[in-house]
1. Look through the stretch 178-194, keep the residues that are hydroxyl-bearing (Ser, Thr, Tyr) and under 14 Å from Ile101 (Cα atoms), and return whichever of them is surrounded by the fewest Cβ atoms within 10 Å (Cβ to Cβ).
2. Look at the stretch 123-135 and say how many of its residues are crowded, with 21+ Cβ neighbours inside 10 Å, touching a residue at least 40 places away in the same chain (Cβ under 8 Å) and more than 26 Å from Asp54 (Cβ to Cβ).
3. Considering each residue of the stretch 55-79, count those that are at pLDDT 90 or above and open to solvent by 40 Å² or more (accessible area, probe 1.4 Å), and give that number.
4. Output the number of the condition that Asp184 fails; it satisfies all remaining conditions of (1) free of Cβ contacts under 8 Å to residues at least 24 places away in the same chain; (2) in a strand (DSSP E or B).
5. For the structure I just gave you, tell me whether Gly115 is farther than 23 Å from Val58 by Cα, surrounded by 17 or more Cβ atoms within 10 Å (Cβ to Cβ) and either touching a Phe, Trp or Tyr at 6+ places or on another chain (Cβ under 7 Å) or among the small types (Gly, Ala, Ser) (or both).
6. For Tyr107, state whether it is aromatic (Phe, Trp, Tyr) and closer than 15 Å to Met43 by Cα.
7. What tally of residues in the stretch 137-177 results from selecting those that are assigned to a strand (DSSP E or B), open to solvent by 70 Å² or more (accessible area, probe 1.4 Å), of a type outside the set (D, E, K, R) and over 26 Å from Leu70 (Cβ atoms)?
Amino acid sequence: MLDGIDRATAVSGVADCLAYDMGGAPGDTSLGEPSDYRILLAMRSTGDSNAPGDGHFVVAVREKGPKTRLICNIKDGEVSGRSVSSGDDAIPDAPVVMPDINAHKLYMQSVIDKGNWRLPFRWASIGTVEPSVDRVTVSYGDETSEAVLDGGWFVAAGELNQQVTRSPHVKGYDSGGKLVYDSDRDKYYMPMLP
């Protein structure tokens, strides 16, 4: 929980996210109940030209039932965007650290605003880690953040005071300190922002 967002607000955000109306249909009941989820992250969100207005993000993962990850953006008490990843998204040659495919929602502003981001900008990076990974660092701009490892997930956050062109640089280490993952060598990871 960052930026003064309390647990009650984050829990309410998960409930609203699950009930979010996607194109005229009621909330997707296959996503489960709020009590099925564990909150990984809550932080402020900065509006941009594509999605004006500030608010906050809530990221939660399903603890019971099919593997599910939610990223919700909430503005003025209403869900303004939702990203859902469900099922086993493992790939055959998956690395031991796997940045979330939709984490860019948490670390970049709209491509419309390329070169003109609103600063300071709260950012985060999330993804999964294998049990063999003991430590993850995420560098973004001129800052390096030590990620929190939590139940097979990593979460790192910071604040940018400058415009950037590269995605966060994610590194994973085993218990002996050996580098076991580098996003710069990951064929599935986009090292440059669009």
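The values are calculated or read from the model by the stated rules, or taken from the named source; none is laboratory data. Keep in mind that this is a model prediction, so the values were computed, not measured. Cβ: placed from backbone, ideal geometry, glycine included. Neighbour counts: every protein chain shown. SASA here: full protein model, heavy atoms, side chains in, ligands and nucleic acids out. Shrake-Rupley method; radii C 1.70, N 1.55, O 1.52, S 1.80 Å.
1. At the first step, the residues of the stretch 178-194 found to be hydroxyl-bearing (Ser, Thr, Tyr) are 181, 183, 188-189.
Next cut, under 14 Å from Ile101 (Cα atoms) only: 183, 188-189.
Details: Ser183: 23, Tyr188: 12, Tyr189: 21.
Result: Tyr188.
2. So in the stretch 123-135, the residues crowded, with 21+ Cβ neighbours inside 10 Å come out as 123-129, 133.
Filter once more, so that each one left must be touching a residue at least 40 places away in the same chain (Cβ under 8 Å): 123-127, 129, 133.
Right, trim to more than 26 Å from Asp54 (Cβ to Cβ) and you get 129, 133.
Number satisfying all stated conditions: 2.
3. Of all residues in the stretch 55-79, those at pLDDT 90 or above come to 55-62, 69-76, 78-79.
Those still in the list that are open to solvent by 40 Å² or more (accessible area, probe 1.4 Å) too: 76, 78.
Result for the stretch 55-79: 2.
4. (2)
5. Details: farther than 23 Å from Val58 by Cα: yes; surrounded by 17 or more Cβ atoms within 10 Å (Cβ to Cβ): no; either touching a Phe, Trp or Tyr at 6+ places or on another chain (Cβ under 7 Å) or among the small types (Gly, Ala, Ser) (or both): yes.
Spelling it out, it is not the case that Gly115 is farther than 23 Å from Val58 by Cα, surrounded by 17 or more Cβ atoms within 10 Å (Cβ to Cβ) and either touching a Phe, Trp or Tyr at 6+ places or on another chain (Cβ under 7 Å) or among the small types (Gly, Ala, Ser) (or both).
6. yes
7. So the first thing to find is which residues in the stretch 137-177 are assigned to a strand (DSSP E or B), and the list is 137-140, 143-146, 148-150, 153-160, 166, 169-173.
Filter again for open to solvent by 70 Å² or more (accessible area, probe 1.4 Å), leaving 144, 146, 148, 166.
Filter once more, so that each one left must be of a type outside the set (D, E, K, R): 144, 148.
Now narrow it down to the ones that are over 26 Å from Leu70 (Cβ atoms): 144.
Residues flagged as assigned to a strand (DSSP E or B), open to solvent by 70 Å² or more (accessible area, probe 1.4 Å), of a type outside the set (D, E, K, R) and over 26 Å from Leu70 (Cβ atoms) within the stretch 137-177 amount to 1.
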